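> Before I ask anything, let me first share the structure, which is written out below as structure tokens.
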2 protein chains.
Amino acid sequence: MAATTSKGQRIRQQIVEAANTLFYQRGYNQTSFSDIAAAAGIPRGNFYYHFRSKDQILEAVIEFRLLSIEGMLQEWDDSIERPAGRLKRYVKILLNEEQDMLRYGCPMGSLNLELAKTRLALQSRAAAMFELFRTWLSRQFRLMGCGERADEHALHLLAVMQGAALLGAVYKDAGFLRREAARLEDWIDSVRGQ
Amino acid sequence: MAATTSKGQRIRQQIVEAANTLFYQRGYNQTSFSDIAAAAGIPRGNFYYHFRSKDQILEAVIEFRLLSIEGMLQEWDDSIERPAGRLKRYVKILLNEEQDMLRYGCPMGSLNLELAKTRLALQSRAAAMFELFRTWLSRQFRLMGCGERADEHALHLLAVMQGAALLGAVYKDAGFLRREAARLEDWIDSVRGQ
DNA sequence: GTCTATATATTGATAGAC
DNA sequence: GTCTATCAATATATAGAC
């Protein structure tokens, strides 16, 4: 890739970011080319120059999300000293993204669940987002002294977060999200050294 | 409603049950009239006699599911003596429906999450399925002596079950479902009288 | 590289014969 | 009540002018 960003690459990035938002808010299947083109501010027919198919846009969106997640986790590693604090920062997503969570659920969870039904091949690629969190969470639990239970704890934390986000979207209840976040913080403290 | 079941009512029920399965396996948006008609074994154009729109079929499917859930909960009440046993029977869904859970996730959760994005009015009706479980779970926790924390426990149990089902569908990992089920059984015991 | 025009399939939904 | 034929809208995708 060139050091400079060409106009074509800029448009491509606009498409990816517009699609990323729409796939989250409307779902993959319910987002049309027209929707993406309108949101990205380009003519409809044009972007077959940038992407051969809708599936390719999704793959680019997944890549984009993977990079975002990696950057976020790296930032947490750099700015938060202790592993328990990092885990709690992860839990805090429920509160920071409260409005979106209540409206659309978790972007990872809802995308995976949608793709699991009819687009299994794409879902396995979307699962890589979970894998990034799982590996990172697992490492934090290991640093906390959880040893071989670290990965089990990581998966459990992922699951409870997903459940909280989903039920939040069902009931549109911010108080519930906060209670689940508080409960998880207590659990993180209780799991220390186990 | 008449005591006898007319042919029209039978066909209507066939449509609802076919749609119920397809909405679960493919999702609502990804299920077409053609799909339902083929699965129900009737000509495509025909069933506008039975349902005016696709949304009406979904409403009928939700009604159907609500009745199924009510029947199931009633059966558990009748056949299981102690509230802790009833709660564990609920958790056991993860194991009994293992294959479907790993493939399609939870029927309630995935439908609600899909509808939350673009069909909010229908989602609020689908949320009634959760409400049935919530009320029932809440009652069991109250019987266990959880007092005013009963409803919080009920929501938490719902959330963890949803998270387990979702992550199961992401990772297609039966072992994970079993571990989460075991963890929830322990939690039910630990929560006694709290 | 960008855009207009359009192809082709499928969607939810109707009209009307039987 | 049941079915065939078909509508209008929308979807993904392409061809080709500029």
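> Go through the residues of the stretch A:41-62 one by one and say whether even a single one is closer than 30 Å to A:GLU180 by Cα, within 14 Å of chain B (Cβ to nearest Cβ) and in contact with a helix residue (DSSP H, G or I) (Cβ under 7 Å, 6 or more places away or on another chain). Break it down stepwise before answering.
Step one: list which residues in the stretch A:41-62 are closer than 30 Å to A:GLU180 by Cα, which gives A:61-62.
If we keep only those that are within 14 Å of chain B (Cβ to nearest Cβ) too, we end up with A:62.
Restricting the remaining residues to those that are in contact with a helix residue (DSSP H, G or I) (Cβ under 7 Å, 6 or more places away or on another chain) gives A:62.
Yes, the conditions are met somewhere in the stretch A:41-62.
> Let me ask another. Name the one entry in A:LEU87, A:LEU73, A:LEU95 that is more than 14 Å from chain B (Cβ to nearest Cβ), within 17 Å of the chain's Cα centre (by Cα) and loosely packed, with under 15 Cβ neighbours inside 10 Å. Quick ask: steps written out before the conclusion?
Values: A:LEU87 fails: loosely packed, with under 15 Cβ neighbours inside 10 Å; A:LEU73 fails: loosely packed, with under 15 Cβ neighbours inside 10 Å.
Going through A:LEU87, A:LEU73, A:LEU95 in turn, just one is more than 14 Å from chain B (Cβ to nearest Cβ), within 17 Å of the chain's Cα centre (by Cα) and loosely packed, with under 15 Cβ neighbours inside 10 Å: A:LEU95.
> State yes or no: is A:MET161 out of contact with any Cys (no Cβ under 8 Å at 6 or more places or on another chain) and of a type in the set (A, V, I, L, M, F, W, C)?
Here the answer is no, as A:MET161 does not meet what is asked.
> Go through the stretch B:1-104 and tell me which helices (runs of 4 or more DSSP H), entirely inside it, have 1 or more residues that are within 16 Å of DNA strand D (Cβ to nearest atom). Explain how you work it out, then say what you get.
Working: elements: B:7-26, B:33-40, B:54-79, B:83-91, B:93-96, B:98-104.
Where helices (runs of 4 or more DSSP H) fall fully within the stretch B:1-104 and carry at least 1 residues being within 16 Å of DNA strand D (Cβ to nearest atom), they are B:7-26, B:33-40, B:54-79.
> Check off (1) more than 15 Å from DNA strand C (Cβ to nearest atom); (2) over 26 Å from B:TYR104 (Cβ atoms) for A:PHE51 and give me the number that stays unchecked.
(1)
> Being more than 12 Å from every other protein chain (Cβ to nearest Cβ) and outside any helix (DSSP H, G or I) is the filter here, so list the residues in the stretch B:127-184 that pass it.
Within the stretch B:127-184, B:MET144, B:GLY145, B:CYS146 meet the criteria.
> Follow-up. Can you name every residue in the stretch B:103-126 that is in contact with a Leu (Cβ under 7 Å, 6 or more places away or on another chain), in contact (Cβ under 8 Å) with a residue 60 or more places away in the chain and within 11 Å of another protein chain (Cβ to nearest Cβ)? Spell out how you get there, then give the answer.
Start the filter on the stretch B:103-126 by keeping residues that are in contact with a Leu (Cβ under 7 Å, 6 or more places away or on another chain), which leaves B:105, B:109-110, B:113, B:115, B:122-123, B:126.
If we keep only those that are in contact (Cβ under 8 Å) with a residue 60 or more places away in the chain as well, we get B:105, B:110, B:115, B:122, B:126.
Within the stretch B:103-126, B:GLY105, B:SER110, B:LEU115, B:ALA126 qualify.
> So is B:LEU122 assigned to a helix (DSSP H, G or I), at pLDDT 95 or above and over 17 Å from A:ARG103 (Cα atoms) or not? So that I can check it myself, show each step before the final result.
Working: assigned to a helix (DSSP H, G or I): yes; at pLDDT 95 or above: yes; over 17 Å from A:ARG103 (Cα atoms): no.
Criteria not met by B:LEU122.
> Additional query: Any chance you could count how many residues in the stretch A:17-37 are without any contact (Cβ under 8 Å) to a residue 40 or more places away in the chain and surrounded by 10 or more Cβ atoms within 10 Å (Cβ to Cβ)?
11
> Can you tell me which residue is farthest from the other protein chains (Cβ to nearest Cβ) among those in the stretch A:25-37 that are more than 12 Å from DNA strand C (Cβ to nearest atom) and out of contact with any Asp or Glu (no Cβ under 8 Å at 6 or more places or on another chain)?
Our first condition is that a residue be more than 12 Å from DNA strand C (Cβ to nearest atom); within the stretch A:25-37, this holds for A:25-28, A:31, A:35-36.
Cutting the leftovers down to out of contact with any Asp or Glu (no Cβ under 8 Å at 6 or more places or on another chain) gives us A:25, A:31, A:35-36.
Details: A:GLN25: 6, A:THR31: 9, A:ASP35: 11, A:ILE36: 15 Å.
Ranking the qualifying residues of the stretch A:25-37, first place goes to A:ILE36.
> Limited to the stretch A:57-78, what total is found for residues that are of a type outside the set (Gly, Ala, Ser) and within 16 Å of DNA strand C (Cβ to nearest atom)? Outline the logic, then answer.
Step one: list which residues in the stretch A:57-78 are of a type outside the set (Gly, Ala, Ser), which gives A:57-59, A:61-67, A:69-70, A:72-78.
With within 16 Å of DNA strand C (Cβ to nearest atom) added as a condition, the list becomes A:57.
Total meeting the criteria: 1.
> Can you tell me how many residues within the stretch A:127-186 are in contact (Cβ under 8 Å) with a residue 60 or more places away in the chain and not hydrophobic (A, V, I, L, M, F, W, C)? Before the answer, list the steps.
Filtering the stretch A:127-186 down to residues in contact (Cβ under 8 Å) with a residue 60 or more places away in the chain leaves A:128-129, A:132-133, A:136, A:143-144, A:157, A:161, A:164-166, A:168-169, A:172-174, A:177-178, A:180-181, A:184-185.
With the extra rule that they be not hydrophobic (A, V, I, L, M, F, W, C), the set shrinks to A:168, A:172-173, A:178, A:180, A:185.
The total comes to 6.
> If I ask for residues that are within 7 Å of DNA strand C (Cβ to nearest atom) and surrounded by fewer than 16 Cβ atoms within 10 Å (Cβ to Cβ), which ones from the stretch A:38-47 would you list? Steps first, answer last, please.
Taking the stretch A:38-47 first, the residues within 7 Å of DNA strand C (Cβ to nearest atom) are A:42-46.
Within the stretch A:38-47, A:PRO43, A:ARG44, A:GLY45, A:ASN46 qualify.
> Looking at (1) surrounded by fewer than 17 Cβ atoms within 10 Å (Cβ to Cβ); (2) away from DNA strand C (no atom under 13 Å from the Cβ); (3) more than 23 Å from B:GLY109 (Cα to Cα), which is the one condition that is false for B:GLN14?
Every listed condition holds for B:GLN14 apart from (1).
> Suppose we filter B:ARG192, B:ARG183, B:ARG178 for residues that are at pLDDT below 95, surrounded by fewer than 20 Cβ atoms within 10 Å (Cβ to Cβ) and more than 19 Å from the chain's Cα centre (by Cα); which single one remains?
Details: B:ARG183 fails: at pLDDT below 95; B:ARG178 fails: at pLDDT below 95.
Going through B:ARG192, B:ARG183, B:ARG178 in turn, the sole match is B:ARG192.
The values are calculated or read from the model by the stated rules, or taken from the named source; none is laboratory data. Here the structure is a predicted model, which is why all the values come from computation and not from measurement. With ideal geometry, Cβ positions are generated from the backbone for all residues, glycine too; neighbour counts draw on all protein chains shown.
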